[in-house]
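Please read the structure below before turning to the comments.
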Amino acid sequence: MLTIRRISVRTLVMNAPAQDLAVQWFERVWQQRSREAIFELMSETAVGHPEGGQIMSGSADFARMHEQFMTAFPDLSLRILHAVGGESEACVHWEVRGTQMGAFGPLPATRELVAFTGMTYLVFQNGKIIEGWDCWDQSGLVQTLAAKSTE
């Protein structure tokens, strides 16, 4: 059964272990930029479904993507807007802000401040992510940065 609760990052709700783990994931991996937390909180055989239809395989694959994102947006700041979850599944609605100071895929640094929101649905087993889906406008971000890189 899914338990829906609105939380703040400072107030974790009891009896929703997946929700607590999801909040911990976003705080440690994205806000604190902890590479170690990726391997602590994600199964090495996890399957990721990022925007665009690709498949990401395992924590090492995710760690490479995370490093590329942190290099492109070194001042990245993530804020959790909502988190819901139950025993083994959770969904997090988040907002990101950051300045593109490094290459993002084929796009050179634009020094452009960007902000976007998205949602991530995570499935946990034995305290680790085993599968996840991201939903955010990655193509919109790429279009915005591409337009700025040609100015």
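The values are calculated or read from the model by the stated rules, or taken from the named source; none is laboratory data. Being a predicted model, the structure only gives us computed values, none of them experimental. Cβ placement follows ideal geometry from the backbone for every residue including glycine, while neighbour counts extend to all protein chains displayed. Remember, those area values only see protein heavy atoms, side chains included, never the ligands or the DNA or RNA. Shrake-Rupley method; radii C 1.70, N 1.55, O 1.52, S 1.80 Å.
Look at segment 120-145 and say how many of its residues are surrounded by fewer than 15 Cβ atoms within 10 Å (Cβ to Cβ) and touching a helix residue (DSSP H, G or I) at 6+ places or on another chain (Cβ under 7 Å).
1
Inspect segment 42-58 for any residue being of a type in the set (A, V, I, L, M, F, W, C), at negative phi, surrounded by 18 or more Cβ atoms within 10 Å (Cβ to Cβ) and part of a helix (DSSP H, G or I) and give the result as yes or no.
no
Read through the list (1) open to solvent by 50 Å² or more (accessible area, probe 1.4 Å); (2) β-branched (Val, Ile, Thr); (3) touching a strand residue (DSSP E or B) at 6+ places or on another chain (Cβ under 7 Å), then give the number of the only condition that residue 71 fails.
With (1) open to solvent by 50 Å² or more (accessible area, probe 1.4 Å); (2) β-branched (Val, Ile, Thr); (3) touching a strand residue (DSSP E or B) at 6+ places or on another chain (Cβ under 7 Å) applied to residue 71, the lone miss is (3).
Residue pairs, Cβ under 8 Å, 6 or more apart or interchain, first in segment 88-101 and under 19 Å from residue 145 (Cβ atoms) and in a loop (DSSP other than H, G, I, E, B), second open to solvent by 30 Å² or more (accessible area, probe 1.4 Å) and of a type in the set (Asp, Glu). List them.
100/112; 101/75
If you take the residues in segment 90-114 that are closer than 20 Å to residue 32 by Cβ and out of contact with any Ser or Thr (no Cβ under 6 Å at 6 or more places or on another chain), which one is surrounded by the most Cβ atoms within 10 Å (Cβ to Cβ)?
90
Identify the single condition in (1) open to solvent by less than 20 Å² (accessible area, probe 1.4 Å); (2) in contact with a Lys or Arg (Cβ under 7 Å, 6 or more places away or on another chain); (3) not hydroxyl-bearing (Ser, Thr, Tyr) that residue 82 does not satisfy, given that it satisfies every other one.
(1)
List every residue pair whose Cβ atoms lie under 9 Å apart, where the two residues are 6 or more positions apart in sequence or sit on different chains, the first residue falls within segment 15-27 and is under 12 Å from residue 42 (Cβ atoms) and open to solvent by less than 50 Å² (accessible area, probe 1.4 Å), and the second residue, located anywhere, is part of a helix (DSSP H, G or I) and of a type in the set (A, V, I, L, M, F, W, C).
If the second residue must be part of a helix (DSSP H, G or I) and of a type in the set (A, V, I, L, M, F, W, C), the pairs left are 21/41; 25/37; 25/38; 25/41.
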